[in-house]
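S.K.: My questions will all concern the structure given below.
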Amino acid sequence: MNEQGLGVNSAVVIGKMLNHPKLNFSILDLAKNNIGNVGLKKLARAIEFNRTLVSIDLGSNDIMNDGSARLFNVLTHHPTVTALTIANHDRMHRNRIGIAACNDLYELINTNPILSFLNIADNRIGNEGFKRIVPALTENSALVVLNLANNELDGSVLMDGMLKYLRTGRNLLELNLSSNRFGDEAMTRLS
């Protein structure tokens with residue numbers, strides 16, 4: 001249901017569908033809608049009890065700290081979701097999980113043993129947000145794909161955390177760092 005103009009009321013209905021005993025969904029693609037924080041909080045209640053979802057895409061949905069923090073908390077011990085996209089699609093700049101939700105994102109990455117695909121591109125986590133999640137990244141062995149593109153990451157100081165992560169990222173197959181501002185010094189250290 002990508003790009004359908006769905007809002008809070010639709011999130012409530014979709015939540016009921018997710019927990020209907022005769023319906024089994026493995027992919028929830030609600031990208032480019034208007035779910036927002038209120039809708040996501042309502043949807044998160046349904047996701048918490050759903051045991052068939054494997055992939056969730058909530059990109060470009062006007063989601064900020066509160067909504068994303070609630071979702072991260074729900075997914076921390078979720079037994080089936082392996083892929084989460086809360087990025088912005090087509091540089092729409094509508095999701096902004098920001099620095100505050102990175103504490104909850106840390107818990108998700110650190111605790112969930114099956115989350116293998118995480119796309120948080122274009123969310124303005126900045127260096128401070130990255131510093132909050134890097135300890136979890138270095139301990140996590142499940143992540144295979146991590147997208148941190150366009151997150152206002154910059155400077156060689158950030159490379160310390162990135163290098164530590166890359167040295168321990170045992171199963172990492174894809175890392176997207178595009179559209180950040182690392183600069184020559186940082187990239188030299190990274191290479």
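Values quoted throughout were computed directly from the atomic coordinates according to the rules given, and no laboratory measurement underlies them. None of these values were measured; they are calculated from a predicted model. Cβ: placed from backbone, ideal geometry, glycine included. Neighbour counts: every protein chain shown.
S.K.: What is the distance, in nm, between label points placed 7 Å from the Cα along the Cα-to-Cβ direction at residue 29 and at residue 12?
M.R.: Label at residue 29, label at residue 12, 2.7 nm between them.
S.K.: May I pose another question? Given 123, 113, 85, which one lies farthest toward the positive end of the charge dipole of the stretch 67-133, if we put +1 on the Cβ of every Lys and Arg and -1 on the Cβ of every Asp and Glu?
M.R.: 123
S.K.: What residue among 75, 158, 171 has its Cα farthest toward the positive end of the dipole of the chain, where the charges are +1 on Lys, Arg and -1 on Asp, Glu, each on the Cβ?
M.R.: Sorting the options by dipole projection puts first 75.
S.K.: Taking θ as phi - 60°, what are the ³J(HN,Hα) couplings along the stretch 11-27 by the Karplus curve (6.51, -1.76, 1.60), each to the nearest whole Hz, with x for Gly and Pro?
M.R.: 4, 5, 5, 4, x, 5, 5, 4, 9, 6, x, 9, 10, 10, 10, 9, 10
S.K.: By count of other Cβ within 10 Å, fewest leading, how are 51, 189 ordered?
M.R.: Going from sparsest to densest Cβ surroundings: 51, 189.
S.K.: Roughly how many whole Å is it from the C-alpha centroid of the stretch 19-33 to that of the stretch 46-121?
M.R.: The stretch 19-33 and the stretch 46-121 have Cα centres separated by 15 Å.
S.K.: Below 8 Å between Cα atoms, with a sequence gap of 6+, how large is the relative contact order for the stretch 8-190 in percent?
M.R.: 16
S.K.: Quick one: putting +1 on the C-beta of Lys and Arg, -1 on the C-beta of Asp and Glu, what dipole do you get for the stretch 8-190 around its Cα centre, in Debye to the nearest 20?
M.R.: 520
S.K.: Let me ask another. What value, in deg cm²/dmol to 500, does the helix sum -39500 (n - 2.57) over DSSP H runs of n ≥ 4 give at 222 nm once divided by the residues of the chain?
M.R.: The helix-only estimate for the chain comes to -13000 deg cm²/dmol at 222 nm.
S.K.: Continuing with the same structure: Rank 52, 23, 137 by how far each Cα sits towards the positive end of the charge dipole of the stretch 8-190 (+1 on Lys, Arg Cβ; -1 on Asp, Glu Cβ) and give me just the farthest.
M.R.: Of the candidates, 23 comes out farthest on the positive side.
S.K.: How big is the stretch 8-190 in terms of Cα radius of gyration and Dmax, in angstroms?
M.R.: 16.1, 56
S.K.: While we're on this one: In the neighborhood of residue 85, defined by Cβ-to-Cβ distances under 10 Å, what is the net charge if each Lys or Arg adds +1 and each Asp or Glu adds -1?
M.R.: -2
S.K.: Karplus couplings for the stretch 126-138 from phi (6.51 cos²θ - 1.76 cosθ + 1.60, θ = phi - 60°), rounded to Hz, Gly and Pro as x?
M.R.: x, 4, 5, x, 5, 4, 6, 9, 4, x, 5, 4, 5
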